[in-house]
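What follows is a set of notes on a single structure, which appears directly below.
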Amino acid sequence: MLMVASESFEREFGEENARYTDELSPGTILLSGQYSITEYLNNGGFGITYLAKDSLDRNVVIKECFPSAMCRRTGNKVQTRSRAHTASFAGVVKLFQQEARNQAKLSHRNIAAVHQVFSDNNTAYMAVDYIDGSDMMEIIEDGMPIAPEVFESWLRKSLVAVQYIHDRGILHRDISPDNILIDTENEPVFIDFGSARDLAVRKTRVLSTLRVVKSGYSPHELYVAGCAQTPSSDLYSLAATFYHLISGEPPVDSQMRLSALALDQGDPYTPLTGRFGEYPEVVLKSIDAALNVFPDKRIQSATEWLELLDASSAPTSSAERSETTDVEHDNFDADETASNRGFLRTNGLRVAAVFVAALACALALASFA
């Protein structure tokens, strides 16, 4: 009886403890002493993030490639859970390394810099800037109102950074409040790109159950395998993040929006326009426009978004403003939801949301690698 209880205890608490042995212990040395782990930060299913010190005693962030569905740790070494995972794991490590090299080419004030990518413990690591500050989710949860001028400054600087990323043929693919930090100089800084995770899930069956989308922030094309992803996909996620900053909650999930439209129930999205008078109208409208559920109807580039903001702030007569608004961008339509419903009715797409998603994919621009 005692033995049975002991075995039960071992199964229950031994498995519980095993979940906490995936991360490296503080004091672990990497790359022959160039880095020393000081603290575990988080585990996202694809990798583990640590705070560390470099050889000059500076704080850095270390990201370890550790897709837990296919690997485990023995000592400090990473090993696949079975031989069947060996090739897939090697592929994920390769994607991780390629993403790190791509990010290392980015040099921008509002993007966390990658200093080094290296191999150790049978896997790959990247050393990234340590940013002293709070992420936008922490700011949201804190509940303090954000002054309109500060909000617009964050938005504009974020758009400049996103355009810089896109100009180099890269998509972020994981923009959300927890992946934008506000540093001690009140600057937004982008972290944690999602390209490698997205590709790994699409190419590796064992990872297919892991989510690379975030409800409320991901556009529908990130949910659909093979659907074109373009700069407007990142802009949707950026708009959702700033929507959350203003409204206190994320927008309705894109898949729920598509389902409602497919059933001719109208778009459940609640526009910002007209609800927050303390913020400039054009800022609210631009966020609503970037959050159009259909990719081809969104703002298509960060530069276009900035031009819309700049054009609205130029002094013009009321007649000129009316004429300019008509030609600037279709997305500044006061009844975009009604337009979407009409679009669906015209094409007879009322059966299921999957057909809507397929149509929207077909309407997207050519895939942006």
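The values are calculated or read from the model by the stated rules, or taken from the named source; none is laboratory data. The shown structure was predicted, so the numbers you read here are calculated from the model rather than taken from an experiment. Methodologically, a virtual Cβ is constructed for each residue, glycine included, from the backbone with ideal geometry; neighbour enumeration extends over all protein chains shown.
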Kindly indicate whether ASP129 is at negative phi and exposed (fewer than 13 other Cβ atoms within 10 Å of the Cβ).
no
The one condition ASN102 fails out of (1) within 30 Å of GLN300 (Cβ to Cβ); (2) under 21 Å from the mean Cα position of the chain (by Cα); (3) assigned by TED's automatic domain parsing to the domain that holds GLU307; (4) surrounded by fewer than 20 Cβ atoms within 10 Å (Cβ to Cβ) is (3)
Surrounded by fewer than 22 Cβ atoms within 10 Å (Cβ to Cβ), modelled with pLDDT of 95 or more and closer than 17 Å to PRO295 by Cβ: is that true of ASP234 in this structure?
no
Quick one: which residue in ILE37, ILE62, ILE48 is more than 30 Å from ARG156 (Cβ to Cβ), in contact (Cβ under 8 Å) with a residue 24 or more places away in the chain, touching a Pro at 6+ places or on another chain (Cβ under 6 Å) and surrounded by 14 or more Cβ atoms within 10 Å (Cβ to Cβ)?
ILE37
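Conditions (1) surrounded by fewer than 20 Cβ atoms within 10 Å (Cβ to Cβ); (2) β-branched (Val, Ile, Thr); (3) at pLDDT 95 or above; (4) in contact with a Cys (Cβ under 8 Å, 6 or more places away or on another chain), marked per residue:
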{"site": "TYR164", "(1), (2), (3), (4)": "yes, no, yes, no"}
{"site": "LEU171", "(1), (2), (3), (4)": "no, no, no, no"}
{"site": "PRO177", "(1), (2), (3), (4)": "no, no, yes, no"}
{"site": "ILE180", "(1), (2), (3), (4)": "no, yes, yes, no"}
{"site": "ASN186", "(1), (2), (3), (4)": "yes, no, yes, no"}
{"site": "PHE193", "(1), (2), (3), (4)": "no, no, no, no"}
{"site": "LEU199", "(1), (2), (3), (4)": "yes, no, no, no"}
{"site": "LEU210", "(1), (2), (3), (4)": "yes, no, no, no"}
{"site": "ALA225", "(1), (2), (3), (4)": "yes, no, no, no"}
Which of (1) touching a helix residue (DSSP H, G or I) at 6+ places or on another chain (Cβ under 8 Å); (2) within 18 Å of LEU41 (Cα to Cα) is the odd one out, the single condition PHE151 does not satisfy?
(2)
Residues (touching a residue at least 12 places away in the same chain (Cβ under 8 Å) and either of a type outside the set (S, T, N, Q) or loosely packed, with under 15 Cβ neighbours inside 10 Å (or both)) located in segment 65-75:
CYS65, PHE66, PRO67, ALA69, MET70, CYS71, ARG72, ARG73
Hey, does segment 16-33 have a residue that's modelled with pLDDT under 85, charged (D, E, K, R) and out of contact with any Leu (no Cβ under 8 Å at 6 or more places or on another chain)?
yes
